[in-house]
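The values are calculated or read from the model by the stated rules, or taken from the named source; none is laboratory data. It should be emphasised that the depicted structure is a prediction, and the values quoted were computed from it without experimental measurement. Here the Cβ positions follow ideal geometry from the backbone for every residue, glycine too, while neighbour counts run over all protein chains shown. Calculation scope for accessible area: heavy atoms of the full protein, side chains included, ligands and nucleic acids excluded. Shrake-Rupley method; radii C 1.70, N 1.55, O 1.52, S 1.80 Å.
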Amino acid sequence: MQQLVQQLGDQVAGQRLLPTPQAIADSELTFLKMPQARRDTLRGFSRYMQHSKALEDISAWQALKGIPVPGPVSTPVCAA
């Protein structure tokens with residue numbers, strides 16, 4: 001998170017703000033030391049957040065990403 005803020009966050013009154021979804025989506029994120037697939041997922045999620053009209057609807061993001069919806073085995077874990 002600190003790297004995202006330092007690299008992409010706007011500076012206001014001497015403080016760095018959290019980067020906007022657009023700033024993350026527009027960046028290659030090469031400064032993050034993680035696999036490219038994770039950077040792609042972060043950028044994809046940021047693009048989704050930019051354009052989402054139902055931000056609280058996790059099933060829309062799961063459908064977009066192809067993540068299975070929690071089933072009977074994983075639901076208790078997710079709720080914990």
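A compact table of results
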{"item": "Heavy-atom SASA rank of 1, 34 (probe 1.4 Å, accessible area, largest first)", "result": "1, 34"}
{"item": "Accessible surface ranking that places the most exposed of 4, 29, 18, 42 first, with a 1.4 angstrom probe", "result": "18, 42, 4, 29"}
{"item": "Candidate residues 30, 20: accessible-area rank, largest first, probe 1.4 Å", "result": "30, 20"}
{"item": "Förster-model FRET efficiency, 25 Å R0, residue 51 and residue 30, C-beta, rounded to 0.05", "result": "0.55"}
{"item": "Probe 1.4 Å - accessible area at residue 59, Å² to nearest ten", "result": "60 Å²"}
{"item": "FRET efficiency estimate (nearest 0.05) - Cβ-Cβ, residue 59 to residue 7, R0 25 angstrom", "result": "0.20"}
